[in-house]
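Report on the structure given below.
The values are calculated or read from the model by the stated rules, or taken from the named source; none is laboratory data. Given the structure is predicted, the values throughout are model-derived calculations rather than measurements. Counting neighbours? That spans all protein chains shown, and the Cβs are built from the backbone with ideal geometry, glycine included. To get the accessible areas, we keep the full protein, side chains included, count just its heavy atoms, and leave off ligands, DNA and RNA. Shrake-Rupley method; radii C 1.70, N 1.55, O 1.52, S 1.80 Å.
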Amino acid sequence: VQLQASGGGLVQAGGSLRLSCAASGLSFGHYAMAWFRQTPGKEREYVASLSGRADTTSYSDSVRGRFIISRDNARNTVSLQMDSLKSEDTAVYYCAAQLSVYSGSHDWKLYDYWGQGTQVTVSS
């Protein structure tokens, strides 16, 4: 199984970025997909997730209304559209897959597969 994240970069506060994650080697539609983020010295933080059929989504309070998670099961990809970015969104962002019929756990320890991470830096 491979999850390949991309799309990170440097952006000014108030700007937008779109992260993508390409999955291979798994039955993609059977997995809830999520994005987490992590900064040095802190535990991995839940950002957003959605179910295998994309009929249920969940967001952390810190990003709700600014970020949108989506997936394309025909292409085995999951995306995170990030708008109105703030300096506190600066982190390494990871995509993750959990074998689940639900929208995905908020607990990073329950995920089965992880991507390599992509850096997002928001300058103020």
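Is one or more of the residues making up segment 23-30 buried (at least 16 other Cβ atoms within 10 Å of the Cβ) and in contact with a helix residue (DSSP H, G or I) (Cβ under 9 Å, 6 or more places away or on another chain)?
No, because not a single residue in segment 23-30 is buried (at least 16 other Cβ atoms within 10 Å of the Cβ) and in contact with a helix residue (DSSP H, G or I) (Cβ under 9 Å, 6 or more places away or on another chain).
Out of curiosity, is F36 buried (at least 23 other Cβ atoms within 10 Å of the Cβ) and among the aromatic types (F, W, Y)?
Yes; evaluated as a whole, the condition is true for this residue.
Among the residues of segment 60-72, are any modelled with pLDDT of 95 or more, among the small types (G, A, S), assigned to a strand (DSSP E or B) and within 18 Å of L19 (Cα to Cα)?
Yes, some residue in segment 60-72 is modelled with pLDDT of 95 or more, among the small types (G, A, S), assigned to a strand (DSSP E or B) and within 18 Å of L19 (Cα to Cα).
For segment 4-28, which residues satisfy the criterion of being part of a strand (DSSP E or B) and farther than 24 Å from A97 by Cβ?
L10, V11, Q12
State whether the residues of segment 109-122 include one that is of a type in the set (D, E, K, R), within 13 Å of L3 (Cα to Cα) and not in a strand (DSSP E or B). Show your work before the answer.
So in segment 109-122, the residues of a type in the set (D, E, K, R) come out as 109, 112.
Those left that are additionally within 13 Å of L3 (Cα to Cα): 112.
Of the ones still in play, those that are also not in a strand (DSSP E or B) are 112.
Scanning segment 109-122 turns up at least one residue that is of a type in the set (D, E, K, R), within 13 Å of L3 (Cα to Cα) and not in a strand (DSSP E or B).
When you go through (1) open to solvent by less than 40 Å² (accessible area, probe 1.4 Å); (2) farther than 20 Å from L26 by Cα one by one for Q119, which number turns out not to apply?
Of the numbered conditions (1) open to solvent by less than 40 Å² (accessible area, probe 1.4 Å); (2) farther than 20 Å from L26 by Cα, the odd one out for Q119 is (1).
Could you tell me whether any residue of segment 97-106 is outside any loop (DSSP other than H, G, I, E, B), surrounded by 18 or more Cβ atoms within 10 Å (Cβ to Cβ) and either touching a Lys or Arg at 6+ places or on another chain (Cβ under 8 Å) or small (G, A, S) (or both)?
Quick first cut of segment 97-106, residues outside any loop (DSSP other than H, G, I, E, B) only: 97-99.
Next cut, surrounded by 18 or more Cβ atoms within 10 Å (Cβ to Cβ) only: 97-98.
If we keep only those that are either touching a Lys or Arg at 6+ places or on another chain (Cβ under 8 Å) or small (G, A, S) (or both) too, we end up with 97.
There is at least one residue in segment 97-106 that is outside any loop (DSSP other than H, G, I, E, B), surrounded by 18 or more Cβ atoms within 10 Å (Cβ to Cβ) and either touching a Lys or Arg at 6+ places or on another chain (Cβ under 8 Å) or small (G, A, S) (or both).
Taking the criterion of being in contact with a strand residue (DSSP E or B) (Cβ under 7 Å, 6 or more places away or on another chain), aromatic (F, W, Y), more than 18 Å from T121 (Cα to Cα) and surrounded by fewer than 22 Cβ atoms within 10 Å (Cβ to Cβ), would at least one residue in segment 45-65 satisfy it?
Within segment 45-65, one or more residues are in contact with a strand residue (DSSP E or B) (Cβ under 7 Å, 6 or more places away or on another chain), aromatic (F, W, Y), more than 18 Å from T121 (Cα to Cα) and surrounded by fewer than 22 Cβ atoms within 10 Å (Cβ to Cβ).
Taking segment 66-96, which residues are under 12 Å from the mean Cα position of the chain (by Cα), open to solvent by 40 Å² or more (accessible area, probe 1.4 Å) and of a type in the set (A, V, I, L, M, F, W, C)?
Answer for segment 66-96, where residues must be under 12 Å from the mean Cα position of the chain (by Cα), open to solvent by 40 Å² or more (accessible area, probe 1.4 Å) and of a type in the set (A, V, I, L, M, F, W, C): just I68.
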